Structures are given as C-alpha cells and as structure tokens.
Amino acid sequence: MRLETTLWPHLVTHAMGGIVPMGESGSSGTLPATSVEMSRLLTVVRRGRVLTVTGRFHEPRSLLVREIARRLASNFYDGVALVDLDRASGVRDLTAALGCGPGMPFPPCATGGAASWLAERDMLLVLDGSDRLTPAALDWLRDLLHRAPGLRLLAAGRHPLGFAEERVHRL
C-alpha cells in the first residue's frame, strides 16, 4: 500500500498519536536562519542522510526543521513524516507515532514491520525533540539508515544524535 502523496507531505504525526496539518504547528516566529544558511541546510538534507539542528531553545529549532520539511516535502517521493517527540520516546513510541499516519501499512509497535516498510521509502523523517529519544530508539534509527537508502533524517534537539553520517547546525 502506498502513501497518499497529496495528503502525506502536509501532516505532522505527534508521538501521542494526533495528526495536525503542518501549517498549524503553532509558531509564528521568524526563522533563525539567513537565506544563505537556509539554502545550505536544504542542500545538506537533499544530499546527505542526517542533519540535526541543535541549540538551547526548543522553539527556534522546531521552527527551522518544520520550515525545512515544508520546503522539501515535494523532493521526496513518499513525502515527509514529522514526529513531535514531547516526552521520552523509545522504539515502540516512535513506530506507534509513525503508524498513526495515513497509508502506513504496519501496526503500531511492530518495529520490524516499520523498519521493513521504511526501508522501501524515499522520504524525510523529521524528529522534533530528538533529545528525548532513548538509546534503544537511536540504535534502531541508526540501523534503519543502513537498511533504508531513500530515508533522510532531520532532527531538532539540544544535542546531536551522534550518527557517523550526521551533519550538525548549531543555532
């Protein structure tokens, strides 16, 4: 089963299970990046595998990754999945949040099914609040990157994820 590409790029999946349109993220601040920086960040996401936006304050990080995701949604055949991590999140929490998206063919908490399904996608996975991921979830994502050549990760958190292929933008 395929994702509905007309709908999926405009959705945000919350770790608690709710889905809201990306345009209603709740922030109306100015972007914490110049146009030159934004252009460079867009290129890093398109050409690289992992970009983490770090900084002390949540709102500027979140605003920047959501804007990058919005601008790049049409660059990925299967769109963008934006997971808002508002509490400590393990592998089951992450896959359950992804399972709430439309067109997701695997049941929540089926980590093997989620990995297999994601391994076949050309998509951007955005993790807002990545500092709340457990070590097991980070290991799962690291393994997933090796299995899913079309998957890109864009994360926002206080600290880098610590992945070998990761690029970091500090605010």
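The values are calculated or read from the model by the stated rules, or taken from the named source; none is laboratory data. Here the structure is a predicted model, which means the values were calculated and not measured. Glycine gets a Cβ as well: all are built from the backbone with ideal geometry, and neighbour counts include every protein chain shown. Please note that ligands, DNA and RNA were not included when accessible areas were found on the heavy atoms of the full protein model with its side chains. Shrake-Rupley method; radii C 1.70, N 1.55, O 1.52, S 1.80 Å.
A few remarks follow.
- Residues that are in a loop (DSSP other than H, G, I, E, B) and either among the small types (Gly, Ala, Ser) or open to solvent by 30 Å² or more (accessible area, probe 1.4 Å) (or both) within the range 37-77 comprise Gly48, Arg49, Gly55, Arg56, Phe57, Tyr77, listed in sequence order.
- Condition met for Val50 (in contact (Cβ under 8 Å) with a residue 60 or more places away in the chain and β-branched (Val, Ile, Thr)): yes
Every residue, every condition in (1) at pLDDT 85 or above; (2) of a type in the set (Lys, Arg); (3) more than 14 Å from the chain's Cα centre (by Cα), yes or no:
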residue	(1), (2), (3)
Arg2	no, yes, yes
Thr6	no, no, yes
Ala15	no, no, no
Val36	yes, no, yes
Val44	yes, no, yes
Val53	yes, no, no
His58	yes, no, yes
Arg70	yes, yes, no
